[in-house]
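J.: Here's a structure for you.
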């Protein structure tokens, strides 16, 4: 009999976990104003790609197993699993900040913090911050829960993705069809991001339609990985190239003094 715990450990992706760590470090160093890390917010983009990769894998693998006579994909269980990973830690964070804010903030600022906490727990804080100010604006620096915008974007993606994939699988139960539709969504979202960013940079920064392409890119990586079998040397080379590109994205804005886009 197989050991579920051992199987779970065997399936754990150390490389993805390491990539998460680098993304967190980049974001933290950026917010602490460390010289040379002016592009550190790219860590959020890395998280979005990882999320798309993992969530697409979970859903598609479950749909395939259900088609092969295995246990059917449960939308409720998928949502509950995501909630168990996110909600408790987020609730503790909001409670701690509200307790600290009671003593440290003026009444109006504390009232705003309470509103932000409620919207963060409802996973719509990205919409609120979009309406208030840009991410890089001075006024945003005093918002203790500003970083929850990315959780809201991810959760909105988590809500929509399984519904879309279940519908597509019912109509066209094949990986090729799913990959084609993911590619179409990726292109539409990316073009929308390119068009909207110069016109409405804050909306493009905060809202799901102009961010979905990053998570869909991760989904496409999952869908195409099996079709591109690579040797150890190629895999290591691509891993190194990807890591260099991420580091370049983090540090190039400082090295070449590229203009920073508000939003």
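J.: Between the helical axis of 175-199 and the dominant principal axis of the chain, each derived from Cα atoms, what acute angle in degrees is found, rounded to the nearest 10?
T.: Between helix and principal axis, roughly 20 degrees.
J.: Output the direction-averaged projected area (hull surface divided by four) of the convex hull of the alpha-carbon atoms of region 40-150, in nm².
T.: Working: hull surface 33.1 nm².
Here the figure is 8.3 nm², rounded to one decimal.
J.: Another question, then. Would you compute, from DSSP H runs of 4+ residues alone, the mean residue ellipticity of the chain at 222 nm, taking -39500 (n - 2.57) per run and dividing by the full residue count, rounded to the nearest 500? Each step should come with its number before you reach the end.
T.: On the way: 11 runs with 197 residues, N = 263.
The per-residue figure over the chain is -25500 deg cm²/dmol.
J.: If you don't mind, there's one more thing I want to ask. Treat the count of other C-beta atoms within 10 Å as a stand-in for reagent exposure and order 109, 226 from fewest to most.
T.: On the way: 109 14, 226 8.
Neighbour counts put them in this order, fewest first: 226, 109.
J.: Would you mind checking the tilt of helix 149-171 against the longest principal axis of the Cα atoms of the chain, expressed as 0 to 90 degrees and rounded to 10?
T.: Helix 149-171 sits at roughly 20 degrees to that axis.
J.: Let me ask something else about it. Taking only Cα atoms, what is the 0 to 90° angle, nearest 10, from helix 107-121's long axis to the longest principal axis of the chain?
T.: Helix 107-121 sits roughly 0 degrees off the main axis of the chain.
J.: Counting other C-beta atoms within 10 Å, which of 213, 102 has the fewest, and how do the rest follow?
T.: Details: 213 22, 102 11.
Least crowded to most crowded, the residues run 102, 213.
J.: Related question: Got the relative contact order for region 141-237 handy, in percent, Cα pairs under 8 Å and 6 or more residues apart? Provide the component values of the computation, followed by the final result.
T.: Values: 56 pairs, mean separation 26.9, N = 97.
Reported relative contact order: 28 percent.
J.: Treating region 127-246 as a set of equal point scatterers at the Cα positions, no solvent, please give the Debye-formula log₁₀ I(q)/I(0) at q = 0.17, 0.18 Å⁻¹.
T.: Each listed q maps to, in turn, -1.00, -1.05.
J.: If I take every Cα pair under 8 Å that is 6 or more residues apart in the chain, average their sequence separation and divide by the length, what percent do I get for the relative contact order?
T.: Values: 260 pairs, mean separation 74.0, N = 263.
Relative contact order comes out at 28 percent.
J.: Specify the residue with the greatest mean-square fluctuation among 78, 103, 53, computed from a Gaussian network of the chain linking alpha-carbon atoms under 10 Å apart.
T.: For the chain, modelled as a Gaussian network with Cα springs under 10 Å, the answer is 103.
J.: Order the peptides 85-92, 117-124 from the highest to the lowest mean number of other Cβ atoms within 10 Å of their residues.
T.: Numbers: 85-92: 12.9, 117-124: 18.5.
So the order, starting with the most tightly packed, is 117-124, 85-92.
Readers should treat all values here as calculations from the given coordinates under stated rules, not as data from a laboratory. Owing to the predicted nature of the structure, the values given are computational and were not obtained by experimental measurement. Every residue, glycine as well, gets a Cβ built from its backbone with ideal geometry; the counts of neighbours run over all protein chains shown.
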